[in-house]
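The values are calculated or read from the model by the stated rules, or taken from the named source; none is laboratory data. Since the model is a prediction, treat every value here as computed from it, not as a measurement. Note that each Cβ is placed from the backbone with ideal geometry, even for glycine, and that neighbours are counted across all protein chains shown. The protein model used for the area step is the full one, side chains on, heavy atoms only, and it has no ligands, DNA or RNA in it. Shrake-Rupley method; radii C 1.70, N 1.55, O 1.52, S 1.80 Å.
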Amino acid sequence: MTIAVTMLTFISRWNSYFWYKVLTTTEKIHTLPMAIQKLMIWDSENLPRWDLTMAGNVLMMAPLLILYIFAAQKIKEAFIGNGIK
């Protein structure tokens, strides 16, 4: 149960964008979603470079996927165990 709550809290904080946009003023302390937004570079034909943006998104999701792979069994047990009660 604790692992599931921790994971959900971590994911919600990880994806916080607007709150940190308001609170941070320098690029040195920006969060990863804000860095992904800066990867939106427009090419000479005025089209976004989706390859860079998607590569950044994959790198941003990597820690969450690795954490889920290691904790998947505990998360499933927490949801199943709490659903039976």
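Below are the figures for this structure:
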read-out	value
Of the criteria (1) within 30 Å of residue 1 (Cβ to Cβ); (2) at pLDDT below 75, which one residue 21 fails	(1)
Residues (open to solvent by 90 Å² or more (accessible area, probe 1.4 Å), under 16 Å from residue 2 (Cα atoms) and not hydrophobic (A, V, I, L, M, F, W, C)) located in segment 67-85	68, 73, 74, 76, 77
Subset tally (residues that are acidic (Asp, Glu) and either touching a helix residue (DSSP H, G or I) at 6+ places or on another chain (Cβ under 6 Å) or part of a loop (DSSP other than H, G, I, E, B) (or both)) for segment 27-69	2
Which listed residue is at negative phi, surrounded by 13 or more Cβ atoms within 10 Å (Cβ to Cβ) and under 11 Å from the mean Cα position of the chain (by Cα), from 52, 64, 39	64
Residues of segment 1-26 that turn out to be surrounded by 12 or more Cβ atoms within 10 Å (Cβ to Cβ) and either touching a Pro at 6+ places or on another chain (Cβ under 9 Å) or in a helix (DSSP H, G or I) (or both), as a count	12
